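Values quoted throughout were computed directly from the atomic coordinates according to the rules given, and no laboratory measurement underlies them. Quantities reported herein were computed from a predicted structural model and do not represent experimental measurements. Using ideal geometry, Cβ is built from the backbone for each residue, glycine included, and neighbour counts are taken over all protein chains shown.
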Amino acid sequence: MNLPQKGSVHIGRNIRRLREIKNIKQESLAYSLSFSQQKISKLEQMESIDESTLGRIADALELSVEVIKNFDQENVINSCFAVPQQAYHSAANQDFNAIEKIIELYERLIASEKEKNAILSSKIALMDTEREKMGLIKPFAAGWEKGMNRNVS
């Protein structure tokens, strides 16, 4: 079997790879071209194919002849799996910014909770003062500090 020289285009191999990418079976391509499946198999093994047949195959695959001739699987793989360095750094910065945002939100939440606690503590102190003036109970804070429950008079 003669392998193509490096740099030469193997049209049959390109047809096969493009057909597979488009998820088309040999039988389906053969049917649309009124060929046998065996003929498609042979064409896919040929390094060069006459222009009229290549044109019909390109039409059946809904591609241009130029796409078939210029198809390079290695470039496709490199394009699909290469991550540009800038995109990598951008994603890393987004992750870092997300963590900073989460920290900022937690800090704001903690500040808000502290503010609520301060407001509630002052309201409790006011209520205790009012109740003490009325003679209903001893101050809550004083009883709490001694480990005692509220005393109701």
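Computed from phi, the 3J(HN,Hα) profile of region 35-52 under the Karplus parametrisation 6.51, -1.76, 1.60 (θ = phi - 60°) reads 10, 8, 4, 5, 5, 4, 4, 5, 4, 5, 9, 8, 6, 10, 9, 4, 4, 5 Hz, with x in place of Gly and Pro. Sequence-ordered 3J(HN,Hα) estimates for region 9-25 from the Karplus curve with 6.51, -1.76 and 1.60 and θ = phi - 60° stand at 9, 9, 4, x, 5, 5, 4, 4, 5, 5, 4, 5, 4, 7, 6, 10, 7 Hz, glycine and proline given as x.
Spread over its residues, the convex hull of the C-alpha atoms of region 11-81 is 80 Å³ per residue. Annotation: aspartates and glutamates with alpha-carbon distance below 12 angstrom to K39 (same-chain offsets under eight excluded): E27. Charge tally around V65: other residues with Cβ under 13 Å, Lys/Arg +1 each, Asp/Glu -1 each, net -3. So, counting K/R as plus one and D/E as minus one, what does the shell of residues with Cβ under 15 Å around Q37 add up to? Taking every Cβ under 15 Å from that of Q37, the sum is +2.
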